[in-house]
Amino acid sequence: MKARILLVDDDPSTRTYIKEVLEEKEYEVTAVKNGMEAIEALGDGDFDLIITDLMMPGMDGFELIRHIRALGREVVVIIMTAYGSTDRAVEAMHLGAFDFISKPVKPDLILMTVARAISWMQLKKENVYLREKLKDRYEFGRMIGYSDAMRQVFETIRKVAAMDSTVLIQGESGTGKELVARAIHYHSHRRNGLLIPVNCGAIPSELLESELFGHEKGAFTGAIRTKIGRFEMANGGTIFLDEISEMSPQLQVKLLRVLQERCFERVGGVRPIEVDIRVIAATNQNLEKAVAEHKFREDLYYRINVVPIHLPPLRERGSDIIILANHFLKKFSRKMNKSLKGFTPEAEQALARYHWPGNVRELENLIEMLTVMKDEGLIDVKDLPAKVTMQEVGFLPSLERELLIAGSYQEMVNMFERRILQAALEKTGGIKSKAARLLKIKRTTLTEKIKKLGLDGS
Ligand SMILES: Nc1ncnc2c1ncn2[C@@H]1O[C@H](COP(=O)(O)OP(=O)(O)OP(=O)(O)O)[C@@H](O)[C@H]1O
Ligand SMILES: [Mg+2]
């Protein structure tokens, strides 16, 4: 991409001359005549570089640099000084200018300085990016799961990471699909390339095409410059197509071609562009059903469903719920400087019994909220929100979880009985004869059971 340069000089002939020199090398140049106009121009557009004269009427170069720093703008500044005023140039460098050139300006020198400033800026950006990437890897190390289902997922990740096969990750919202995509990328030989995510559901379909494939300058109204698409950015790395079920039928056709040929054209372009990418797709919808309902192309489905990874909902991960809850509690407790030690057994039971429609994300958010509210000790049931502790009548949770809480067959039976009786009593306003009739048992049997299960409050 060509750098955008803002040129500031009060002398019209210098402005015209330098602008021509730079435009010859296809830089985009905006020229203004003083500091005030420069600030205005900065407000309107993004510039990579500013070349400014030091002595100007009104706001001079020094003031302009100070102003830019105060605005917190990441832009490289090169200053121009009259011959013999190096002291002032040094002063400007102290303020954060990148370099200076003396007037009269020689074309070669200015082009060289500009090129150097731009590569320095790119290095700086890369540095930020590298730091971000390290953070990502650290996060992967935190993907937790001891249940059989999750161990299987980890095993698949390990195997598929070594290959270039296309992966389809399916699972309810908040089950960790994005974490899995990252894990695959950072364990693959593509780890030094980019992982480019595209949320197909969040980008309006009329924009998605140019977002994915890029466009040529003038391809449509508003396409003022050539744009690189996400497929091109991902070259050498991985593209993560999130919420793939939301892709329009016409884009599905185009995606199919990229998957088959690893080749496409930019919107409005004719030149085929080849890319070396791994594709990972994810969805919280049932894609097979979408295929049956003709909402998703069958041929595309088979193309992406090469290695399927199914992430189980949190409610089916047994003891992982408690392990994750403790993990998040430790994390947030450390972050917020609290000394929370864990959960009471009753609170753990409630957490294990809840059905977690929002999965790991919901659990993580809940624990964060609890950490905000409490400072020390153990989290108790009464600290938990009603939706977690309330038993939904008619909701029979999975066996695995019940067993985890109850521990034995008899305790499980007791737990179910207790719940059935509670529901019946609640429904009949606590009148035992009515409750007995509802359950089609004798009143004496009901009374006995109530006593045995400790429901009479004794
Ligand atoms: N196994 C895990 N261990 C630790 N944290 C996890 C785990 N799974 C998910 N998380 C955390 O839960 C949150 C949700 O995960 P993620 O964004 O990957 O879910 P998702 O399946 O992509 O959800 P959605 O369908 O809503 O996009 C994230 O903050 C993630 O770090
Ligand atoms: Mg996601």
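The values are calculated or read from the model by the stated rules, or taken from the named source; none is laboratory data. The structure presented is a predicted model; accordingly, all values stated were derived computationally and were not measured. Positions of Cβ are generated from backbone atoms using ideal geometry, with glycine treated the same way; all protein chains shown enter the neighbour counts. Protein only, heavy atoms only, side chains kept; ligands, DNA and RNA dropped before computing areas. Shrake-Rupley method; radii C 1.70, N 1.55, O 1.52, S 1.80 Å.
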Among the residues of segment 178-190, is any modelled with pLDDT under 90 and more than 10 Å from ligand 1 (Cβ to nearest atom)? yes
How many residues does segment 336-360 contain that are touching a Ser or Thr at 6+ places or on another chain (Cβ under 7 Å), assigned to a helix (DSSP H, G or I) and open to solvent by 50 Å² or more (accessible area, probe 1.4 Å)? 0
Identify all residues within segment 170-210 that are in contact with a His (Cβ under 9 Å, 6 or more places away or on another chain), within 14 Å of ligand 2 (Cβ to nearest atom) and of a type in the set (Gly, Ala, Ser); write none if there are none. 171
What are the residues in segment 203-225 that are at pLDDT below 90 and of a type in the set (A, V, I, L, M), if any? 203, 207, 219, 223, 224
Tell me, yes or no, whether segment 298-312 has at least one residue that is assigned to a loop (DSSP other than H, G, I, E, B), over 24 Å from the mean Cα position of the chain (by Cα), under 30 Å from residue 357 (Cα atoms) and among the aromatic types (Phe, Trp, Tyr). no
I'm checking my understanding of the structure. Among residues of segment 224-247 that are part of a loop (DSSP other than H, G, I, E, B) and either in contact with a Gly (Cβ under 7 Å, 6 or more places away or on another chain) or within 28 Å of residue 183 (Cα to Cα) (or both), which one is nearest to ligand 1 (Cβ to nearest atom)? 243
Considering segment 439-453 alone, what residues qualify as being assigned to a helix (DSSP H, G or I) and more than 12 Å from residue 422 (Cα to Cα)? 443, 444, 445, 447, 448, 451, 452
Only residues that are in contact with a helix residue (DSSP H, G or I) (Cβ under 8 Å, 6 or more places away or on another chain) and at negative phi: list them for segment 90-101, please. 91, 92, 95, 97, 98, 99, 100, 101
Taking segment 160-177, which residues are hydroxyl-bearing (Ser, Thr, Tyr) and more than 13 Å from ligand 1 (Cβ to nearest atom)? 165, 166
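Yes/no matrix, rows are residues, columns are (1) in contact (Cβ under 8 Å) with a residue 40 or more places away in the chain; (2) open to solvent by 60 Å² or more (accessible area, probe 1.4 Å); (3) over 25 Å from the mean Cα position of the chain (by Cα):
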position: 183; (1), (2), (3): yes, no, no
position: 189; (1), (2), (3): no, yes, no
position: 205; (1), (2), (3): yes, yes, no
position: 209; (1), (2), (3): yes, no, no
position: 213; (1), (2), (3): yes, no, no
position: 221; (1), (2), (3): no, yes, yes
position: 232; (1), (2), (3): yes, no, no
position: 244; (1), (2), (3): yes, no, no
position: 277; (1), (2), (3): yes, no, no
